[in-house]
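Student: Quick one: the structure is below, questions incoming.
The values are calculated or read from the model by the stated rules, or taken from the named source; none is laboratory data. Fair warning: this is a prediction, and the values are worked out from it, not measured in the lab. Every residue, glycine as well, gets a Cβ built from its backbone with ideal geometry; the counts of neighbours run over all protein chains shown. In case anyone asks, the SASA skips ligands and DNA or RNA and just uses the protein heavy atoms, side chains included. Shrake-Rupley method; radii C 1.70, N 1.55, O 1.52, S 1.80 Å.
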Amino acid sequence: MSRSDGFLATIVTQVALALYLIVTGLCLFGVGSSISSEEINALTSIFKSAKVINYIIGALLIAYGIFLLVKTFMPGFDLGNLDNIIRLVAIILWILITILSLYNNRADLAGGARILHWLLVLAKNAFIIGGLLLTNDR
């Protein structure tokens, strides 16, 4: 793969990740209530009584998604150490979301074809974490 292919792959990954984070954050605010994902279900099942937690997490996801879009299309955009802090918070948050999602789907591990669903949730979240780790490479 040439250097320009790697650059294009990074751009596509960052834009897709930013859009995913923004949409997931909006869903935590109740926008697009017909959209369902393992992550939203995991968060809302844990914090049913504390809607404010969903809103805080939703706001963080939206903010990081927007930040990612700005950083992708304005490569010179730099917030100093705040870049690294925002990225670290997003990575830690998504690792926690992954753990919650996998925990909520633990019944899938009982066997049969349902284990494939659990592996799919794991793989999707690993892609997201990988994308978050990739975002500082540009």
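Student: Determine the share of the stretch 98-138's accessible area contributed by carbon and sulfur atoms, expressed in whole percent, with a 1.4 angstrom probe. Could the numbers behind the result be given before it?
Tutor: Values: 1780 of 2460 Å².
Roughly 72 percent of what the probe reaches on the stretch 98-138 is carbon or sulfur.
Student: Now, a different point. Rounded to the nearest 0.05, what FRET efficiency do Ala110 and Val70 give with R0 = 35 Å and r taken as the Cβ-Cβ distance? Could you check? Mind dumping the intermediate values first?
Tutor: Values: r = 44 Å, r/R0 = 1.26.
Taking R0 as 35 Å, the efficiency between Ala110 and Val70 is 0.20.
Student: Continuing with the same structure: For labels at Val31 and Leu93 in the simple 7 Å Cα→Cβ model, what's the distance in nm?
Tutor: Computed distance between label sites Val31 and Leu93 equals 1.4 nm.
Student: If I stretch the segment between Phe127 and Leu8 completely, what's the gain in nm (0.36 nm per residue apart, minus their alpha carbon distance), one decimal? Write out the running numbers ahead of the final one.
Tutor: Working: separation 119, 0.36 × 119 = 42.84 nm, distance 1.70 nm.
Gain on extension, Phe127 to Leu8, equals 41.1 nm.
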